[in-house]
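Here's the structure we're looking at; comments come further down.
All of the numbers you see were taken from the coordinates with simple rules; none came from a lab. Note that the structure is predicted; figures quoted are calculated from it, not measured. Reconstructed Cβ throughout: ideal geometry from the backbone, glycine too, with neighbour counts over all protein chains shown.
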Amino acid sequence: MNNKLTVLRTEQLKAFYVLDVQGTQKVAKAVNEVDLAIYENEIYGIAGESGCGKTTLLKALFNDIILPLRLIGGKIFYRIGWDEEIDVTTLSPEEKRKLRLEYISYIPQGSMSVLNPVLKLRETYEDFIASHVSGQSREEIFELAYKQILELGLPKNVLDVYPHQLSGGMRQRVTIALAALMKPRIMIGDEPTTALDVVVQRGVIQMLKDIQKNLKNTIILVTHDMGVHANVADRIGIMYAGKIVEEATTELIFGQPRHPYTQFLINSLPKFGDKNVRSSVPGSPPSLANLPSGCPFHPRCPHVKEICREQMPGFTQLDENHKVACWLVGEGNHG
Amino acid sequence: MTFLKRYLIPRLFQYFLVIWLGITVVFLIPRLTPNDPVMRMIGEMRGRGSTLEPGAMDGIIRDLTQMYGLEGSWLDQYWAFWVRLAHGDFGVSFFQFPTPVNKLIATAIPWTLALLLTTTAISWIVGNIIGGLAGYYSRKGWSRTLDAIAMVIRPLPYYIFAFSLLLLFAYVVRWFPITGGASLGAIPSLSWAYIKDVLWHSILPALSLIILGGAVNFQTMKLFVQNTNSESFVQYAKMGGVTEDRIVSKYVIRNAILPQITGLALSLGQIFSGALITEIVFSYPGLGMLLYRAIINGDYNLIMGITLLSIVGITTAILVVDLTYPFFDPRVRYN
Amino acid sequence: MKILRDLFRDYRFTFSFSVLVIIVALALLSFVSPYDPTLWNVVPKDMKPSVEHWLGTDSNGQDIFWQATFAVRNSLIISLIAGLVSRFIAILVGMVAGYKGGWVDRVMMFISDSLLVIPLFLIFVMLAMLVRQFLNLVVLGLMLAVFGWAWDARVIRSVILSLRERDFTNTAILSGTGTVKLVINEYMPFAMPLIFSNLINNIAWAIGLEITLAILGLVNLNIPTLGTMLNWALFYQSILLGRWWWILTPVILSLFLFIALYWLSTSISEYLDPRTRIQRVGA
């Protein structure tokens, strides 16, 4: 149905936190039957309120499922060559490690503690590079690092300082530069703009866009900030209570949102010239350890129907690039 | 310059202030307690059955008063006390009259230093290595077992622990000699036989110090490593596919060891006071044994000498830690 | 009730609790002792454990079991006095220093820092040497208390400092709550768990110091404590003479007591610390 090349795909992905709280077992269904297909050369945004499981989904996409998070079911495919898809959940730890930074890299929220405080940035770079290449090419990559730092407009001496000597925005840029250094096919960002003020945020967003245009790779961006998504993403997946509830191109998500939850998210955005008071989503998101029956959004939904309380809807394909899981829109097809 | 004015000088001032306070307390204690040490001495001499002429008695009282530095007003005494200290004079010992306290301490110190320097170093190195490994692999069975053992050893006071070891190894299984620094009648020399004899006698006291000190180092290091392991810079390095040996050495250990360096300096500072009890239990001829004999014989000058030495040792160690810590931690260095 | 149930899930808490119950029961038994602990030669000397004398008798002609009940009771009294009084000083100093700030804070923290640095054991030795004959349970307990508050005063001060920055402090002050009331009603509940776990550690420290001072003969040896019991057993060479029942009684009692106190304080503080609670959950 789509002739774009899928670079990362999940099938019925289920990743739960299984906790043993004082003798009783608690299960938090953070990623619940998620099907994603993310293409080459696009920026894919994942949006949702805090606690909806989007960071956990990101970890799962990064193939970083460690206790207490457990892979309950489903598969995660990376397209590593041109035509082979590999289920990366079956790889050995060493194989997983090698994929990181080279094939798929991670951009953290650039907080104070994300870089080793006792190492100069040069040494951090050295550790990251030397873990993936050896010998002669290591020096070449260091050359490359210097070139890249200049290209990205970072100060020349940025590698000669300690992390705490950098501003928050500068730290964030460094982590992005490091993530892009080995030209990975996928870059994953976990709220990379959240801790920054608006002016710095714009610079960082532009940097992400430039890098993507340059490398023609895929960026998966998780943030709760719909404004950032509107600026950056090509396609957006809306996540609610561990599930993707709507997925479409950015235009369609903002132009014709169909899921009531997406509509709430869009309406809560300030619009230029509109002086009305912004409405936020009523109520609060459900606990992932204690989900409501049926569609998890039904307790907050203004259009709730009988069936919403009983059964989770499947996806209705509205358009080549638009699918929604909501009883208001369609029956959906249960796979 | 600002470093000197804002940091070094206040810190040195504090150092001397603490030493002054400690020494003043040592000066005040015999003067504030409700009995007169001279009269107590006389009483004890009478108690031992010595009878003296009244005239000779006055002479002894005068001599003792002078020896205790109890002539004149408190202020005079205080001044004389400092003058004597400034000359490095702790007075003469009572029970080995008229040997100067300095000389007694000087003969005991090599024994204490030899025992304490080795045991402190061994327990620090071994405790940190095992503790670090146990912290990194905290989910493994052997890590939990070691933790449980440390939980039993840690709370025991030196005396009870050392004494239990002595009971077990010297009386029950009779593997090691019971007392002394060397066999009775052994003549000090550089011969292999004598050195072996000394080492043989120091095994139990050394073992008690190493196990107890090692348990403390083990527990703290394990906790530091566990905490560091969950820091975001370690997680980030893992996400960047940095090899495990690099993560362990440069990210986890390098950060977790920082407070332990402080700990090492502090335990080196306690060299003059840390093992007094151990030495008494094992009749090891160092400062502890000297203290014990001083206590039994009521030799106040000698106890005062040992106490002053300990105060200077500990405060100096803390000063050294404060002044050298910036070399280990760049965060402190640049603030 | 739920807290207790959760705590009993930790084997360390269960162990400590049981041991302490037994030890306190032992201490209470001293009140029905058939013998006066200060009298010598009330029973035949150096008897092995028997039906009549459960733990045997010692070379002073005293029954070791009943002597041990007094020893445990007295050691607990000393350490409780030391623990509670030093807690009072620590709370007072910590709260005043933390709340007042300024030079009051600096002076108080200088004093407590100095106390932390000075080798307390040697100071106790000097003091005890000079006042040995006045050293009854209360005086010894108070002596330990006067020197044992420094660390906890620091801890409480830092708790107060962080609480002072929080919103509810301003709210309380703006709504006219008095300082004393603020400290007692608003701050104490936060500091209480910490104070309790420090109290246990302090009690262990006091018992340990008493034993050490007693071994060195620096306390009144006619008052039975764990320390003086050991001292007498050593004085009569009970090990060399094979009177293991005498020496082992105070040693084993102390081993269990120290482990129990430490485990009690760690299990409680781990229970209270949300970080380790999460770690435990994650395991």
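Brief remarks follow.
- Restraint check, B:Lys140/C:Lys2; A:Lys59/A:Lys209; A:Lys75/B:Lys222; A:Lys26/C:Lys2; A:Lys4/A:Lys243, Cα-Cα greater than 28 Å: B:Lys140/C:Lys2; A:Lys75/B:Lys222
- Residue-averaged beta-carbon neighbours from other chains (10 angstrom radius) around C:211-217: 5
- Relative contact order (percent, whole number), chain C, Cα cutoff 8 Å, 6+ residue spacing: 27 percent
- Longest segment of chain A lacking chymotrypsin sites (Phe, Trp or Tyr not before Pro) that sit in a DSSP loop with at most 14 other Cβ atoms within 10 Å: A:83-271
- Degrees separating the helix A:121-130 axis from the principal Cα axis of chain A, which is the longest one: 80 degrees
- Only helices enter the 222 nm calculation for chain B: every DSSP H run of n ≥ 4 contributes -39,500 (n - 2.57), and dividing by all residues gives -23000 deg cm²/dmol, rounded to 500.
- Sequence-distant residues sharing a close amide H with A:Tyr39 (under 5 Å, placed H): A:Val7
- Taking A:Glu126, A:Glu84, B:Glu279, A:Glu40 and counting other C-beta atoms within 10 Å, the order from fewest to most: A:Glu84, A:Glu40, A:Glu126, B:Glu279
- Report summary: the helix-based calculation at 222 nm, which adds -39500 (n - 2.57) for every DSSP H run with n ≥ 4 and divides by the residues of chain A, gives -8500 deg cm²/dmol.
- Cα gyration tensor shape of chain A, rounded if a/c is under 1.5, else prolate or oblate by comparing a/b with b/c: prolate
- Listed by Cβ neighbour count within 10 Å, with the fewest neighbours leading, C:Ser254, A:Ser268 appear as A:Ser268, C:Ser254.
- Comparing Cα centroids, segment B:57-101 and segment C:10-67 end up 47 angstrom apart.
- Axis angle, to the nearest 10 degrees, between helix C:102-117 and the longest C-alpha principal axis of chain C: 30 degrees.
- Separation of segment A:179-236 from segment B:106-160 is 49 Å, based on Cα centroids.
- Among B:Gly288, B:Gly213, B:Gly22, residue whose mean-square fluctuation peaks in a GNM of chain B (springs only between Cα atoms under 10 Å): B:Gly22
- Whole-Å distance, taken between Cα centres, linking segment C:76-111 and segment A:135-155: 57 Å
- For C:Arg106, C:Arg87, A:Arg9, the sequence from fewest to most other C-beta atoms within 10 Å is C:Arg106, A:Arg9, C:Arg87.
- Listed residue (A:Cys308, B:Thr307, C:Ile184) projecting farthest to the positive dipole end of the protein assembly as shown, Cβ model: A:Cys308
- Leading residue at positive end of dipole, the protein assembly as shown (Cβ point charges), from C:Met95, B:Leu290, C:Ala145: C:Met95
- Acute angle (nearest 10 degrees) that the helix A:198-215 long axis makes with the longest principal axis of chain A, alpha-carbon atoms: 80 degrees
- Ellipticity estimate at 222 nm from DSSP helix runs (n ≥ 4, -39,500 (n - 2.57)) divided over chain C, nearest 500: -24000 deg cm²/dmol
- Remark: chain C carries a charge dipole of roughly 540 debye about the Cα centre, counting +1 on each Lys and Arg Cβ and -1 on each Asp and Glu Cβ.
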